[in-house]
Amino acid sequence: MTSDAVWQHWQLRHDPDGIAWLTLDCAGDGPNTLGRAVLEEFGQVLDALDAAPPRGLVLRSGKPAGFAAGADLREFDGYRDADEVASLIRHVHGLFARLEAAPWPVACVIHGHCLGGGLELALACHWRVAHDLPSTRLGFPEVRLGIYPGFGGTLRATR
């Protein structure tokens, strides 16, 4: 069993049964978004889990409003060119593929909004459990902005 770990946006805890509980709780008061720093840390989380595999992993949100709102749209203006965006998309594909291929069971607990890249992250998990509440919303709203869901979620959604 690995030791517990805390990053700026993620907390990893282990219960006595060897189940790892991974909480996404982006720094600040806003919703969870999948910005560059969050995704870089997620790679470190996966490295820690690979180094000492748990019996299972439960992914959840630390935010009361919901799981994740998707990409951090504030970062879009910071991309220099299409090559930089393509590189980021390939990197995230790799992260989500690592999660999907994990040799231990991975479950995602969803409450509130689970949108865009947040839904794509949830779809990379083996199982998803969503609270049956009016506030629970799943979807790819970026298509209304002319943005294709780029992290592999449209393929995973059909499985």
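When DSSP beta bridges are restricted to pairs lying wholly in segment 1-134, around 35% turn out antiparallel.
Ordering 131, 51, 16 by Cα displacement along the dipole of the chain toward the positive end leaves 131 in first place; charges were set at the Cβ atoms of Lys, Arg (+1) and Asp, Glu (-1).
Helix 82-100 axis versus longest C-alpha principal axis of the chain: approximately 30°, rounded to the nearest ten.
Look at the dipole of segment 5-157 built from charges on Cβ: of 33, 5, 65, the Cα furthest out on the positive end belongs to 65. Listed as lacking a disulfide-compatible partner in the chain: 26, 114, by the criterion of no other cysteine Cβ under 4.7 Å.
Quick one: if the Förster radius is 22 Å, what FRET efficiency do residue 37 and residue 93 give, using the C-beta to C-beta distance and rounding to 0.05? Display every interim value, and only then the final one.
Values: r = 18 Å, r/R0 = 0.83.
According to the calculation, E is roughly 0.75.
If you place +1 on the Cβ of every Lys and Arg, -1 on the Cβ of every Asp and Glu, and leave all else neutral, what size is the dipole of the chain about its Cα centre, to the nearest 20 Debye? Please report the intermediate quantities before stating the final value.
Working: 14 positive and 19 negative charges, 98 e Å.
Using Cβ point charges on Lys, Arg, Asp and Glu, the chain gives about 480 debye.
With angles folded into 0 to 90 degrees, how steeply does helix 36-51 sit against the dominant principal axis of the chain? Use alpha carbons for both and round to 10. That works out to roughly 30 degrees.
Within segment 36-95, list the trypsin sites (Lys or Arg not before Pro) lying in a DSSP loop whose Cβ has at most 13 other Cβ atoms in a 10 Å radius.
The qualifying sites are 55, 80.
Taking 0.36 nm per residue of separation and subtracting the Cα-Cα distance, full extension of the segment from residue 75 to residue 44 would add 9.1 nm. So I have [x] 20.9, 70; [y] 15.6, 51; [z] 15.0, 47, and one of them is Rg and Dmax of the Cα atoms in Å calculated from this model. Which one is it? It is the one labelled [z].
Phi angles across segment 53-62 convert, under the Karplus curve 6.51 cos²θ - 1.76 cosθ + 1.60 with θ = phi - 60°, into 3J(HN,Hα) values of x, x, 6, x, 10, 10, 9, 8, 9, x Hz, Gly and Pro given as x.
So what's the back-of-envelope 222 nm ellipticity for the chain, counting only DSSP H runs of four-plus at -39500 (n - 2.57) apiece and dividing by all residues, rounded to 500? Value at 222 nm, helices only, nearest 500: -9000 deg cm²/dmol. Centre-to-centre separation between the Cα atoms of segment 105-141 and those of segment 23-102: 14 Å.
Laboratory data are not the source of any read-out in this text; all were calculated from the coordinates shown. On a predicted model such as this, the values are computed, not experimentally measured, just so you know. FYI the Cβ positions are ideal-geometry reconstructions off the backbone, even for glycines, and counts take in every protein chain you see.
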